[in-house]
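Have a look at the structure below before the remarks.
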Amino acid sequence: KAGVTQTPRYLIKTRGQQVTLSCSPISGHRSVSWYQQTPGQGLQFLFEYFSETQRNKGNFPGRFSGRQFSNSRSEMNVSTLELGDSALYLCASSLGSSRVKPYGYTFGSGTRLTVV
Amino acid sequence: GENVEQHPSTLSVQEGDSAVIKCTYSDSASNYFPWYKQELGKGPQLIIDIRSNVGEKKDQRIAVTLNKTAKHFSLHITETQPEDSAVYFCAASKDGGGSEKLVFGKGTKLTVNP
């Protein structure tokens with residue numbers, strides 16, 4: 001069974017540019033969540049999509065956005081990049097229901113974004 | 001909102017010893033507590049989880065205990081091996097593991113010395 005696939009693995013962008021990251025969840029998983037991981041702030045929740053709808057949102061500025069397609073694949077976009085956006089961006093997928101096992105999230109290996 | 005505190009931030013043990021990592025959470029409505037292991041260059045991997053209707057759960061050398069009254073939960077690794085070296089994260093969620101966001105602790109870097 002294929003895991004969560006994130007592309008690209010590494011990205012270098014310049015301040016002010018925008019970037020789009022992609023995530024393909026585990027087959028059958030309908031929920032996709034995005035997290036930002038930095039040494040200072042740790043793992044922070046960005047947003048979660050379920051059946052193409054944003055179901056939860058973290059405390060990030062509007063420059064961070066996402067979407068989910070009908071095949072559950074998801075993209076996140078960051079516009080007007082700042083140096084502080086340099087981070088590992090992780091995607092996690094789940095069945096999206098606490099009533100069905102297995103519970104919980106499976107993470108991808110992440111996209112390492114460096115803003116220069 | 002929920003806040004998860006994790007201790008210690010670093011832990012060094014000898015191979016074969018036990019390791020214990022502790023977390024406390026603030027929101028009494030949280031009911032799902034997973035633990036993740038993150039190795040260098042990889043995403044976090046779920047190693048064990050517990051729901052609030054259970055006090056303890058074991059999986060081979062790994063166990064998690066939950067004290068809902070005190071709002072803390074712990075990860076216990078017995079007979080540690082060098083391959084257990086990694087960063088471990090605890091997390092809490094309010095939905096039982098289905099959809100709500102995970103709030104993570106800051107992580108514990110575990111080093112197992114051969």
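Quick notes on this structure:
- When the criteria are applied in full, B:ASP49 meets the requirement of being surrounded by 13 or more Cβ atoms within 10 Å (Cβ to Cβ), within 13 Å of chain A (Cβ to nearest Cβ) and either part of a strand (DSSP E or B) or among the aromatic types (Phe, Trp, Tyr) (or both).
- In the stretch A:65-81, of all residues being out of contact with any Phe, Trp or Tyr (no Cβ under 7 Å at 6 or more places or on another chain) and touching a residue at least 24 places away in the same chain (Cβ under 8 Å), the one that is surrounded by the fewest Cβ atoms within 10 Å (Cβ to Cβ) corresponds to A:THR80.
- Members of the stretch A:20-43 that are crowded, with 18+ Cβ neighbours inside 10 Å and out of contact with any Ser or Thr (no Cβ under 6 Å at 6 or more places or on another chain): A:SER33, A:TRP34, A:TYR35, A:GLN36, A:GLN37, A:LEU43
- Top-ranked residue of the stretch B:12-46 - restricted to ones that are free of Cβ contacts under 8 Å to residues at least 40 places away in the same chain and surrounded by 13 or more Cβ atoms within 10 Å (Cβ to Cβ), ranked as farthest from the other protein chains (Cβ to nearest Cβ): B:GLN45
- Selection from the stretch A:25-45 of residues that are touching a residue at least 40 places away in the same chain (Cβ under 8 Å), at the interface with chain B (Cβ under 9 Å from one of its Cβ atoms) and of a type in the set (A, V, I, L, M, F, W, C): A:LEU43
- Flag for B:ALA63 being of a type in the set (Gly, Ala, Ser), touching a residue at least 60 places away in the same chain (Cβ under 8 Å) and surrounded by 14 or more Cβ atoms within 10 Å (Cβ to Cβ): no
- Breaking point among (1) more than 11 Å from the chain's Cα centre (by Cα); (2) away from chain B (no Cβ under 11 Å), for A:SER22: (1)
- Look at (1) more than 18 Å from B:PRO8 (Cβ to Cβ); (2) within 14 Å of chain A (Cβ to nearest Cβ); (3) touching an Asp or Glu at 6+ places or on another chain (Cβ under 9 Å) and you find that B:LEU66 fails only one, number (2).
- Conditions (1) farther than 29 Å from A:GLY3 by Cα; (2) touching a strand residue (DSSP E or B) at 6+ places or on another chain (Cβ under 6 Å); (3) within 13 Å of chain A (Cβ to nearest Cβ): number failed by B:GLY1: (2)
- B:PHE89 vs. criteria facing chain A (nearest Cβ under 10 Å), under 21 Å from A:TYR103 (Cα atoms), touching a residue at least 24 places away in the same chain (Cβ under 8 Å) and in a strand (DSSP E or B): yes
- Scanning the stretch B:36-63 for residues that are aliphatic (A, V, I, L, M) and under 12 Å from B:ALA19 (Cα atoms) returns B:ILE62, B:ALA63.
Read the figures in this text as sums done on the coordinates, not as results from a lab. Predicted, not measured: the structure shown is a model, and the values here were computed from it. So basically every Cβ, Gly included, is an ideal-geometry build from the backbone, and we count neighbours across all protein chains shown.
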